[in-house]
1. Under a crude label model (7 Å from the Cα following the beta-carbon direction), how far is residue 45 from residue 64 in nanometres?
2. Which distance in nm do the two modelled labels at residue 83 and residue 8 give, with both placed 7 Å along the Cα-to-Cβ direction?
3. Counting only protein heavy atoms, what percent of the accessible surface of the chain is carbon or sulfur at a 1.4 Å probe?
4. If you build a Gaussian network model of the chain, linking Cα atoms that sit under 10 Å apart, which residue out of 80, 16, 120 swings the most?
5. At 0.36 nm per residue, minus the direct Cα-Cα distance, what do residue 118 and residue 98 gain on full extension? Give it in nm, one decimal, please.
6. What number, rounded to the nearest 500 deg cm²/dmol, is the helix-based mean residue ellipticity at 222 nm of the chain, given -39500 (n - 2.57) per DSSP H run of at least four residues and division by all its residues?
7. At 1.4 Å probe size, with every protein chain present, just tell me what the per residue accessible area of the chain comes to in Å².
8. Of the cross-linked pairs 53/79; 13/53; 58/83; 58/79; 8/28, which ones have a Cα-Cα span greater than 28 Å in the structure shown?
Amino acid sequence: MLPLNCDKHVKAKLETRGVRSAEDALKKSELDIIELIDVSLEKASRALRQIAKGACPKPINAFQLKEASTGSKGGNFIKTGVKTLDEALLGGVPVGTITEFVAPAGSGKTQMCLGLVAQTCAPKNFGGLDASVVFVDTE
């Protein structure tokens, strides 16, 4: 439950009327807030913006997400065997993640995945990760 992140007077009024979380507040319209706590449209709009801003995570890009999940030095990767693809993926397919391959029919998606499964399941003394895999193939 995310707390109400707004002016303390508005917060107090909202809480006394049963709006105790950001989720509760963001389900309401500006007009609902005006009627509920008797404030101006401007004050209701400002309060909802502040609450929404406090409830939403800071946006990050894919590279920042990758760094956060594997560390800036990188983590374990499975090499695809395609140098340019491994470079584009910054080392290969990351271990411990869900990876989706999307391409036209007959382009080798299943073959690529089965190769990655074999590499992942192979014993470490054969260059594999000696790990388990969940492989889902849909159409």
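The values are calculated or read from the model by the stated rules, or taken from the named source; none is laboratory data. Model, not experiment: these values are computed from the prediction. Here the Cβ is made from the backbone with ideal geometry for all residues, glycine too, and neighbour counts use every protein chain on show. Side chains included, ligands, DNA and RNA excluded: accessible areas come from the protein's heavy atoms. Shrake-Rupley method; radii C 1.70, N 1.55, O 1.52, S 1.80 Å.
1. 2.7
2. So the two model labels end up 6.4 nm from each other.
3. Values: 5740 of 10320 Å².
Answer for the chain is 56 percent, counting heavy atoms of protein chains only.
4. Of the options given, 16 has the highest mean-square fluctuation.
5. 5.5 nm
6. It lands at -13500 deg cm²/dmol.
7. Details: 10320 Å² over 139 residues.
Here the per-residue accessible area is 74 Å².
8. Listed pairs above 28 Å: 53/79; 58/83; 58/79.
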